[in-house]
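Undergrad: Structure below; questions to follow.
The values are calculated or read from the model by the stated rules, or taken from the named source; none is laboratory data. A quick note: this is a predicted structure, and the numbers were derived from the prediction, not measured. As a convention, Cβ positions derive from the backbone with ideal geometry for all residues, glycine included, and neighbour counts pool all protein chains shown.
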Protein chains: 2
Amino acid sequence: MASRFALMIDPAASDDLRTDFADSFTVVDPTAPALNVSELSTQRGDGIFESIGVVEGHVQETRAHLARLAHSAQLCDLPAPNLAQWRQAIALATAHTGSGEGVIKLILSRGVEHGPAPTAWLTSAPAPDFSAPRTRGIRVVTLDRGIDSGAPSRAPWLLLGAKTLSYAVNMAAIREAKRRGADDAIFVSSDDVVLEAPTASVILRFGDRFVTPAPASGILHGTTQLSLFEHLAERGFATDYETVSASSLRQADGAWLVSSVRLAAPITAIDGDEMSHDAEFSASLNQYLLSPRD
Amino acid sequence: MASRFALMIDPAASDDLRTDFADSFTVVDPTAPALNVSELSTQRGDGIFESIGVVEGHVQETRAHLARLAHSAQLCDLPAPNLAQWRQAIALATAHTGSGEGVIKLILSRGVEHGPAPTAWLTSAPAPDFSAPRTRGIRVVTLDRGIDSGAPSRAPWLLLGAKTLSYAVNMAAIREAKRRGADDAIFVSSDDVVLEAPTASVILRFGDRFVTPAPASGILHGTTQLSLFEHLAERGFATDYETVSASSLRQADGAWLVSSVRLAAPITAIDGDEMSHDAEFSASLNQYLLSPRD
């Protein structure tokens, strides 16, 4: 059984060539105070994160998550993370993840107000039981993200490709979905382009072709989507990054929200319209996603 | 001299009629760990805040700040804050603000992940020295906020009128302004409507008339802007809430960014174009803003 675990990390410079960063780690009680009230993560949501799935002690797609952490840091003008240090921290946490499914979160905050350096920490915990959304599926609603699809390239300060800690809108969108009797949401641009879910990527199936919105449209490049596209290609399916219009959602032969811990959740309804759902195919996707992946 | 001070608050229900909430407060060291790593404020920027100016021991516009805290809580589906409790917490902090200028921050987070209740705390600290921006003024750039001016009414889940902890974009906009050689930014909608600054309201002067963007356009209703409009009306000026086009910014006879702690910062340049700046008039605004206000 997995236990909860937390590690404060004294962030090393990206060019620090040490091979052992053990001195930079401090194990802390995840239920006890560890952060001070001047933390810019708490005051401003000013920082970045990654959530990584762990299955039977195997950390899934570490490299892709670390690459995205580094990309988010760059977009947010944070010092480049030392990936060897993060790898070692992840390895330390893995010893505590036990059997079953877990989640490791990496957090890199801008630090305390007027402070000298970022604050970094890692947590690991058992994952919630996601068997119901994986097998029975989820109902989603489309929600306007306010921005048009040209905004990300016009306005990089909107940080649309960065996984920042500023998720209040993402959480509000999920609450709105639940108010509407659904489980989750799909964000759509003001000019009717499908973007992403608040905490997942969107994958659509058209015949033997799988499509996901292009990351250039200001969405996060989903690590699970990437992994699943590799798998689908190996199974002989075509995979494409495309501009997907909101109206084409309902024309899909299948649709999933995919993310690192819930994995592939088949969509059974969009805005109240039922969607066809191939339970056996979804099971095969989750079987792949639960296998050790690097 | 003001000292730093922090108080953890066990949030009382809004209908809790106690007159003394002292039992619900715990003084903590602002530089020591007080928050745990599962805090949704740190993980998701999921919560709300207020920053209140303190001048010579007087907390400015407490009522307006508490009203906005309650409004933000409602927009974010957080339990309604008990305002009597917050007033008492503010009074306790005021004893530590000393002479000169200070800032009290109120923070109401959704709490720890899967936890039973919100987490709340207050900090007070000396304010930075803002005499230079108040007297010499600030250079600003306009930055596209990505959203169109219709988004706030179409999509309340964007939380555009709430003062959430998810300020990563606001902070990124200020960094972008500095990269462009300016001090601060003014957000403009994708359809060319002036919104607000990342941490301030925009006030423009046209002759004897003062104008600020209407709060319905999805901006925060600035407590300092409200207070200053009352003051300007008392001095016989006209004050209006209007839709302000980005192109009309440069036609103003004067422009300010106003906020609770920096107060009125006259704008001396917009996107590199110099603006006229009446130093004496700005001084009169800051003299008013530094006087005790309720």
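Undergrad: If I filter segment A:6-21 down to residues being in contact with a Leu (Cβ under 8 Å, 6 or more places away or on another chain) and hydrophobic (A, V, I, L, M, F, W, C), which single residue comes out as nearest to the other protein chains (Cβ to nearest Cβ)?
TA: That would be A:ALA6.
Undergrad: Right, another one. B:ARG134: more than 10 Å from chain A (Cβ to nearest Cβ) and more than 24 Å from B:ILE90 (Cβ to Cβ), yes or no?
TA: Yes; evaluated as a whole, the condition is true for this residue.
Undergrad: Are there any pairs, at least 6 apart or on different chains, whose C-beta atoms fall under 8 Å, with the first in segment B:128-141 and over 15 Å from B:LEU204 (Cα atoms) and touching a residue at least 24 places away in the same chain (Cβ under 8 Å) and the second outside any helix (DSSP H, G or I) and hydroxyl-bearing (Ser, Thr, Tyr), and if so, which?
TA: The qualifying pairs are B:ARG136/B:THR268.
Undergrad: For segment A:273-290, enumerate the residues that are among the small types (Gly, Ala, Ser) and touching a residue at least 60 places away in the same chain (Cβ under 8 Å).
TA: Of everything in segment A:273-290, those that are among the small types (Gly, Ala, Ser) and touching a residue at least 60 places away in the same chain (Cβ under 8 Å) turn out to be A:ALA279, A:SER282, A:ALA283.
Undergrad: Could I ask something else about it? Consider segment B:181-206. How many of its residues are in contact with a strand residue (DSSP E or B) (Cβ under 7 Å, 6 or more places away or on another chain), under 15 Å from A:GLY146 (Cα atoms) and not aliphatic (A, V, I, L, M)?
TA: The number of residues fulfilling the criteria is 4.
Undergrad: Go through segment A:33-58 and count every residue that is in contact with a helix residue (DSSP H, G or I) (Cβ under 7 Å, 6 or more places away or on another chain), in a loop (DSSP other than H, G, I, E, B) and either β-branched (Val, Ile, Thr) or within 12 Å of chain B (Cβ to nearest Cβ) (or both).
TA: 2
Undergrad: Taking only segment B:254-294 into account, find how many residues are surrounded by fewer than 16 Cβ atoms within 10 Å (Cβ to Cβ) and modelled with pLDDT of 95 or more.
TA: Here the count works out to 13.
Undergrad: Starting from residues that are on the phi < 0 side of the Ramachandran plot and surrounded by fewer than 21 Cβ atoms within 10 Å (Cβ to Cβ), keep the ones in segment B:203-219 and report whichever is nearest to the chain's Cα centre (by Cα).
TA: Filtering first and then ranking leaves B:PRO215.
Undergrad: Then there's this: Testing B:PRO30 on (1) at pLDDT 95 or above; (2) within 16 Å of B:ILE107 (Cα to Cα); (3) in a loop (DSSP other than H, G, I, E, B), one condition comes back false. Which one is that?
TA: (1)
Undergrad: Looking at segment A:15-42, which of its residues are among the polar types (S, T, N, Q) and touching a strand residue (DSSP E or B) at 6+ places or on another chain (Cβ under 7 Å)?
TA: A:SER24, A:THR26, A:ASN36, A:SER38, A:SER41, A:THR42 - these are the residues of segment A:15-42 that are among the polar types (S, T, N, Q) and touching a strand residue (DSSP E or B) at 6+ places or on another chain (Cβ under 7 Å).
Undergrad: Being of a type in the set (Lys, Arg), more than 17 Å from the chain's Cα centre (by Cα), more than 25 Å from A:GLU113 (Cβ to Cβ) and surrounded by fewer than 22 Cβ atoms within 10 Å (Cβ to Cβ), is that true of even one residue in segment B:178-186?
TA: No, because not a single residue in segment B:178-186 is of a type in the set (Lys, Arg), more than 17 Å from the chain's Cα centre (by Cα), more than 25 Å from A:GLU113 (Cβ to Cβ) and surrounded by fewer than 22 Cβ atoms within 10 Å (Cβ to Cβ).
Undergrad: Give A:ILE186, A:ILE174, A:ILE219 a once-over and let me know the one that is within 12 Å of chain B (Cβ to nearest Cβ) and touching a residue at least 12 places away in the same chain (Cβ under 8 Å).
TA: Matching residue, one of A:ILE186, A:ILE174, A:ILE219: A:ILE174.
Undergrad: Of all residues in segment A:81-123 being farther than 19 Å from A:PRO30 by Cβ and aliphatic (A, V, I, L, M), which is nearest to the other protein chains (Cβ to nearest Cβ)?
TA: By that ranking, first place goes to A:VAL112.
Undergrad: If only one of B:SER153, B:SER166 is small (Gly, Ala, Ser), outside the structural domain of B:GLY45 (by TED's automatic domain parsing) and touching a Phe, Trp or Tyr at 6+ places or on another chain (Cβ under 8 Å), which one is it?
TA: The conditions single out B:SER166.
Undergrad: Now, a different point. When the residues of segment B:21-58 are narrowed to those that are β-branched (Val, Ile, Thr) and farther than 17 Å from A:VAL112 by Cα, which ends up surrounded by the most Cβ atoms within 10 Å (Cβ to Cβ)?
TA: Per the stated criteria, the residue is B:ILE48.
Undergrad: I've got another one for you. Those residues that are over 27 Å from A:LEU106 (Cβ atoms) and more than 7 Å from every other protein chain (Cβ to nearest Cβ), I need them from segment A:140-171; list them, please.
TA: Matches in segment A:140-171: A:VAL140, A:VAL141, A:THR142, A:SER149, A:GLY150, A:SER153.
Undergrad: Quick one: would you say B:THR239 is buried (at least 23 other Cβ atoms within 10 Å of the Cβ) and more than 16 Å from B:ARG134 (Cβ to Cβ)?
TA: Criteria not met by B:THR239.
Undergrad: Can you name the residue in segment B:1-20 that is of a type in the set (Gly, Ala, Ser) and either surrounded by fewer than 18 Cβ atoms within 10 Å (Cβ to Cβ) or touching a helix residue (DSSP H, G or I) at 6+ places or on another chain (Cβ under 8 Å) (or both) and, of all such residues, is farthest from A:MET8 (Cα to Cα)?
TA: Looking at the filtered set, the residue picked out is B:SER14.
Undergrad: Also, quick follow-up: Quick test of your reading of the structure: B:ALA197 fulfils all but one of (1) crowded, with 21+ Cβ neighbours inside 10 Å; (2) facing chain A (nearest Cβ under 9 Å); (3) under 30 Å from A:ARG175 (Cα atoms). Name the failing condition by number.
TA: It fails just one condition, (2).
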